[in-house]
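The values are calculated or read from the model by the stated rules, or taken from the named source; none is laboratory data. Note that the structure is predicted; figures quoted are calculated from it, not measured. Because the Cβ atoms are built from the backbone with ideal geometry, glycine has one as well, and the counts that use them run over all protein chains shown. Surface accessibility is based on the protein's heavy atoms, side chains included, excluding ligands, DNA and RNA. Shrake-Rupley method; radii C 1.70, N 1.55, O 1.52, S 1.80 Å.
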Amino acid sequence: MSDLFWLTDEQMERLRPFFPKSHGKPRVDDRRVLSGIIFVNRNGMRWRDAPREYGPHKTLYNRWKRWGDMGIFMRMMDGLSAAKAEPQTIMIDATYLKAHRTASSLRFKKGDPGRLIGRTKGGMNTRLHAITDQNGRPLSFFMTAGQISDYTGASALLDSLPMAQWLLADRGYDADWFRDALEEKGIRPCSPGRRSRGKPVKYDKRKYKRRNRIEIMFGRLKDWRRVATRYDRCPNVFFSAICLAATVIFWL
(Lines give C-alpha, C1' and ligand atoms only; values in the text may rest on other atoms or scores of the structure.)
Protein backbone atom coordinates (compact mmCIF):
# COMPACT_ATOMS: atom_id res chain seq x y z
CA MET A 1 0.00 0.00 0.00
CA SER A 2 1.49 3.31 -1.14
CA ASP A 3 -0.24 5.37 1.57
CA LEU A 4 1.47 3.58 4.46
CA PHE A 5 4.00 5.43 6.62
CA TRP A 6 7.61 4.22 6.77
CA LEU A 7 10.48 5.74 8.72
CA THR A 8 13.51 6.50 6.57
CA ASP A 9 16.99 5.16 7.30
CA GLU A 10 18.09 8.64 8.37
CA GLN A 11 15.19 8.96 10.81
CA MET A 12 15.92 5.53 12.26
CA GLU A 13 19.52 6.54 12.91
CA ARG A 14 18.33 9.56 14.87
CA LEU A 15 15.96 7.46 16.96
CA ARG A 16 18.16 4.41 17.51
CA PRO A 17 20.19 5.87 20.44
CA PHE A 18 16.97 6.05 22.48
CA PHE A 19 15.94 2.43 21.92
CA PRO A 20 16.28 0.15 24.97
CA LYS A 21 18.79 -2.67 24.76
CA SER A 22 17.45 -6.03 23.65
CA HIS A 23 17.91 -8.76 26.23
CA GLY A 24 17.86 -12.38 25.12
CA LYS A 25 15.89 -12.91 21.91
CA PRO A 26 16.44 -10.08 19.36
CA ARG A 27 13.51 -7.71 18.81
CA VAL A 28 11.30 -7.81 15.75
CA ASP A 29 12.28 -5.30 13.02
CA ASP A 30 12.32 -1.92 14.79
CA ARG A 31 11.61 0.08 11.65
CA ARG A 32 8.53 -1.95 10.74
CA VAL A 33 7.05 -1.97 14.25
CA LEU A 34 7.75 1.68 15.02
CA SER A 35 6.35 2.75 11.63
CA GLY A 36 3.20 0.78 12.40
CA ILE A 37 2.87 2.42 15.81
CA ILE A 38 3.14 5.86 14.20
CA PHE A 39 0.57 4.94 11.53
CA VAL A 40 -1.98 3.77 14.12
CA ASN A 41 -1.56 6.85 16.30
CA ARG A 42 -1.67 9.30 13.40
CA ASN A 43 -4.85 7.82 11.93
CA GLY A 44 -6.67 7.08 15.21
CA MET A 45 -7.12 3.40 14.41
CA ARG A 46 -7.75 0.45 16.66
CA TRP A 47 -4.64 -1.68 17.01
CA ARG A 48 -6.39 -4.69 15.50
CA ASP A 49 -7.09 -2.62 12.35
CA ALA A 50 -3.40 -1.93 11.64
CA PRO A 51 -2.41 -2.94 8.06
CA ARG A 52 -0.86 -6.37 7.85
CA GLU A 53 2.28 -4.90 6.25
CA TYR A 54 3.31 -3.82 9.76
CA GLY A 55 3.06 -7.32 11.16
CA PRO A 56 0.79 -8.70 13.91
CA HIS A 57 -1.21 -6.00 15.67
CA LYS A 58 -0.44 -7.63 19.01
CA THR A 59 3.27 -7.01 18.42
CA LEU A 60 2.60 -3.34 17.69
CA TYR A 61 0.51 -2.89 20.82
CA ASN A 62 2.91 -4.76 23.11
CA ARG A 63 5.86 -2.66 21.88
CA TRP A 64 3.80 0.52 22.24
CA LYS A 65 2.71 -0.30 25.79
CA ARG A 66 6.11 -1.54 26.98
CA TRP A 67 8.09 1.39 25.57
CA GLY A 68 5.48 3.85 26.82
CA ASP A 69 5.78 2.49 30.38
CA MET A 70 9.57 2.82 30.09
CA GLY A 71 9.29 6.46 28.97
CA ILE A 72 11.05 5.81 25.66
CA PHE A 73 8.87 8.15 23.58
CA MET A 74 9.30 10.95 26.10
CA ARG A 75 13.09 10.51 26.00
CA MET A 76 13.03 10.64 22.21
CA MET A 77 11.41 14.06 22.25
CA ASP A 78 13.59 15.38 25.07
CA GLY A 79 16.80 14.14 23.49
CA LEU A 80 16.14 15.38 19.97
CA SER A 81 14.78 18.74 21.12
CA ALA A 82 17.79 19.36 23.37
CA ALA A 83 20.12 18.93 20.39
CA LYS A 84 18.19 21.03 17.84
CA ALA A 85 16.16 23.61 19.77
CA GLU A 86 16.62 27.38 19.41
CA PRO A 87 15.42 28.69 22.79
CA GLN A 88 16.49 32.33 22.64
CA THR A 89 12.77 33.10 22.71
CA ILE A 90 10.34 30.59 24.20
CA MET A 91 6.54 30.44 24.35
CA ILE A 92 3.99 28.96 26.72
CA ASP A 93 0.34 28.11 26.15
CA ALA A 94 -2.26 25.38 26.71
CA THR A 95 -4.98 23.64 24.72
CA TYR A 96 -7.92 21.30 25.30
CA LEU A 97 -7.93 17.71 24.03
CA LYS A 98 -11.33 16.06 23.79
CA ALA A 99 -11.78 12.86 25.79
CA HIS A 100 -13.72 10.08 24.08
CA ARG A 101 -16.39 8.29 26.10
CA THR A 102 -14.17 5.18 26.29
CA ALA A 103 -11.61 7.21 28.28
CA SER A 104 -13.80 9.65 30.17
CA SER A 105 -14.80 7.64 33.23
CA LEU A 106 -13.86 9.65 36.32
CA ARG A 107 -13.72 6.71 38.72
CA PHE A 108 -10.29 5.87 40.09
CA LYS A 109 -8.76 3.78 42.82
CA LYS A 110 -7.71 5.19 46.18
CA GLY A 111 -4.18 6.61 45.95
CA ASP A 112 -4.40 6.88 42.15
CA PRO A 113 -3.89 10.45 40.84
CA GLY A 114 -6.74 9.89 38.40
CA ARG A 115 -7.01 9.96 34.64
CA LEU A 116 -6.40 13.71 34.21
CA ILE A 117 -9.81 14.23 32.62
CA GLY A 118 -12.14 16.99 33.80
CA ARG A 119 -15.53 18.41 32.98
CA THR A 120 -15.58 21.77 31.18
CA LYS A 121 -18.16 23.74 29.22
CA GLY A 122 -17.08 21.80 26.15
CA GLY A 123 -17.50 18.40 27.79
CA MET A 124 -14.87 16.00 29.11
CA ASN A 125 -11.36 17.22 28.33
CA THR A 126 -7.69 16.88 29.10
CA ARG A 127 -5.58 20.06 29.14
CA LEU A 128 -2.13 20.06 27.56
CA HIS A 129 0.34 22.76 28.67
CA ALA A 130 3.41 23.29 26.49
CA ILE A 131 6.69 25.17 26.18
CA THR A 132 8.11 25.72 22.68
CA ASP A 133 11.19 27.33 21.19
CA GLN A 134 11.08 30.44 18.97
CA ASN A 135 10.08 28.35 15.94
CA GLY A 136 7.11 26.78 17.72
CA ARG A 137 8.75 23.39 18.25
CA PRO A 138 7.78 21.74 21.56
CA LEU A 139 10.37 21.48 24.33
CA SER A 140 8.27 20.18 27.22
CA PHE A 141 4.67 19.24 28.04
CA PHE A 142 2.56 19.01 31.17
CA MET A 143 -0.86 17.36 31.24
CA THR A 144 -3.73 18.13 33.62
CA ALA A 145 -7.48 17.68 33.84
CA GLY A 146 -9.48 19.99 31.61
CA GLN A 147 -10.68 22.38 34.31
CA ILE A 148 -7.16 23.18 35.62
CA SER A 149 -6.03 26.77 35.11
CA ASP A 150 -3.10 28.09 33.07
CA TYR A 151 -1.36 29.14 36.29
CA THR A 152 -1.07 25.51 37.45
CA GLY A 153 0.57 24.50 34.19
CA ALA A 154 2.88 27.49 34.29
CA SER A 155 3.97 26.64 37.83
CA ALA A 156 4.67 23.02 36.87
CA LEU A 157 6.70 23.98 33.79
CA LEU A 158 8.65 26.75 35.49
CA ASP A 159 11.57 24.58 36.59
CA SER A 160 11.96 23.04 33.12
CA LEU A 161 12.31 26.37 31.30
CA PRO A 162 15.54 26.55 29.26
CA MET A 163 17.91 29.50 29.32
CA ALA A 164 16.17 32.16 27.23
CA GLN A 165 15.93 35.91 26.77
CA TRP A 166 12.19 36.23 26.24
CA LEU A 167 9.02 34.29 27.05
CA LEU A 168 5.87 34.99 25.02
CA ALA A 169 2.49 34.28 26.62
CA ASP A 170 -1.09 35.49 26.33
CA ARG A 171 -2.84 37.42 29.09
CA GLY A 172 -3.93 34.19 30.74
CA TYR A 173 -0.41 34.03 32.20
CA ASP A 174 -0.40 37.59 33.50
CA ALA A 175 0.34 37.06 37.18
CA ASP A 176 2.82 38.99 39.31
CA TRP A 177 4.32 35.83 40.83
CA PHE A 178 4.94 34.37 37.36
CA ARG A 179 6.55 37.56 36.06
CA ASP A 180 8.77 37.72 39.16
CA ALA A 181 9.81 34.06 38.75
CA LEU A 182 10.78 34.71 35.13
CA GLU A 183 12.81 37.77 36.10
CA GLU A 184 14.70 35.66 38.66
CA LYS A 185 15.65 33.28 35.85
CA GLY A 186 16.83 36.15 33.65
CA ILE A 187 13.87 35.79 31.26
CA ARG A 188 11.93 38.86 30.15
CA PRO A 189 8.16 38.28 29.86
CA CYS A 190 6.36 39.53 26.76
CA SER A 191 2.69 39.29 27.64
CA PRO A 192 -0.28 41.69 27.65
CA GLY A 193 -1.83 42.45 31.02
CA ARG A 194 -5.23 41.34 32.22
CA ARG A 195 -8.04 43.75 31.55
CA SER A 196 -8.68 43.94 35.28
CA ARG A 197 -5.28 45.52 35.91
CA GLY A 198 -5.48 49.16 36.90
CA LYS A 199 -2.20 50.02 35.19
CA PRO A 200 -1.55 48.77 31.62
CA VAL A 201 1.43 46.44 31.11
CA LYS A 202 3.96 47.48 28.47
CA TYR A 203 5.17 44.75 26.12
CA ASP A 204 6.79 44.37 22.69
CA LYS A 205 3.83 44.00 20.33
CA ARG A 206 6.00 43.17 17.33
CA LYS A 207 7.70 40.30 19.18
CA TYR A 208 4.36 39.15 20.60
CA LYS A 209 3.05 38.49 17.07
CA ARG A 210 5.35 35.46 16.87
CA ARG A 211 3.22 33.75 19.52
CA ASN A 212 0.97 32.37 16.78
CA ARG A 213 3.62 29.69 16.20
CA ILE A 214 2.67 27.85 19.36
CA GLU A 215 -0.96 27.87 18.19
CA ILE A 216 0.20 26.36 14.89
CA MET A 217 2.10 23.70 16.86
CA PHE A 218 -1.08 22.66 18.70
CA GLY A 219 -2.93 22.51 15.40
CA ARG A 220 -0.34 20.21 13.86
CA LEU A 221 -0.38 17.95 16.91
CA LYS A 222 -4.15 17.65 16.60
CA ASP A 223 -3.78 16.40 13.03
CA TRP A 224 -2.94 13.12 14.77
CA ARG A 225 -6.32 11.64 15.62
CA ARG A 226 -5.18 9.80 18.76
CA VAL A 227 -3.95 13.16 20.09
CA ALA A 228 -6.91 15.33 19.06
CA THR A 229 -9.28 12.80 20.65
CA ARG A 230 -8.17 10.92 23.74
CA TYR A 231 -9.17 7.25 23.54
CA ASP A 232 -6.76 5.98 26.22
CA ARG A 233 -7.83 5.82 29.84
CA CYS A 234 -4.27 5.66 31.14
CA PRO A 235 -2.72 9.17 31.16
CA ASN A 236 0.80 7.75 30.63
CA VAL A 237 -0.30 6.04 27.41
CA PHE A 238 -1.94 9.21 26.12
CA PHE A 239 1.10 11.29 27.04
CA SER A 240 3.27 8.85 25.06
CA ALA A 241 1.09 9.49 22.00
CA ILE A 242 1.61 13.24 22.40
CA CYS A 243 5.40 12.89 22.73
CA LEU A 244 5.59 10.53 19.74
CA ALA A 245 3.56 12.92 17.58
CA ALA A 246 5.76 15.88 18.60
CA THR A 247 8.91 13.90 17.83
CA VAL A 248 7.81 12.82 14.36
CA ILE A 249 6.28 16.16 13.33
CA PHE A 250 8.91 18.58 14.66
CA TRP A 251 12.19 16.84 15.45
CA LEU A 252 12.78 14.10 12.83
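Of all alpha-carbon pairs in segment 112-252, indicate the percentage at a distance above 18 angstrom.
Details: 5932 of 9870 pairs.
Counting every Cα pair in segment 112-252, those more than 18 Å apart make up 60 percent.
With the Cα gyration tensor of segment 1-107 giving a ≥ b ≥ c as the square roots of its eigenvalues, does the rule (a/c under 1.5 for rounded; else a/b larger than b/c for prolate; else oblate) give rounded, prolate or oblate?
oblate
Under 10 Å, Cα contacts only: if you run a Gaussian network model on the chain, which one of Lys202, Lys65, Lys84 comes out with the highest mean-square fluctuation?
Lys202
Nearest 20 debye, what's the magnitude of the dipole of the chain about its Cα centre given +1 on Lys and Arg Cβ and -1 on Asp and Glu Cβ?
Once rounded to the nearest 20, the dipole reads 860 debye.
Normalise the Cα radius of gyration of the chain by 2.2 N^0.38 Å (N = residues in it) and let me know the number.
That ratio works out to 1.08.
Mean-square fluctuation check for the chain, GNM, Cα pairs under 10 Å: which of Arg101, Arg210, Arg188 is largest?
Largest GNM mean-square fluctuation: Arg101.
Using the Karplus curve 6.51 cos²θ - 1.76 cosθ + 1.60 with θ = phi - 60°, what ³J(HN,Hα) values do you get for each residue of segment 12-19, in whole Hz, with x for Gly and Pro?
Coupling constants for segment 12-19: 5, 5, 5, 7, 4, x, 9, 6 Hz.
Once amide H atoms are placed 1.01 Å from N in the peptide plane, what residues at a sequence separation of 5 or more from Ala145, or on another chain, have their amide H within under 5 Å of its amide H?
Here Arg127 satisfy the definition.
Whole number in Å², please: accessible area per residue of segment 51-167, 1.4 Å probe, ligands, DNA and RNA not counted. Please report the intermediate quantities before stating the final value.
Values: 5860 Å² over 117 residues.
On a per-residue basis, segment 51-167 sits at 50 Å².
Hey, got the dipole for segment 1-76? About the Cα centre, +1 on K and R Cβ, -1 on D and E Cβ, debye to the nearest 20? Let's see the in-between values first.
Numbers: 16 positive and 9 negative charges, 86 e Å.
That gives a dipole near 420 debye.
So who's got an amide H within less than 5 Å of the one on Thr120, skipping anything under 5 residues away but keeping other chains? H placed 1.01 Å off N, in plane.
For Thr120, the qualifying residues are Asn125.
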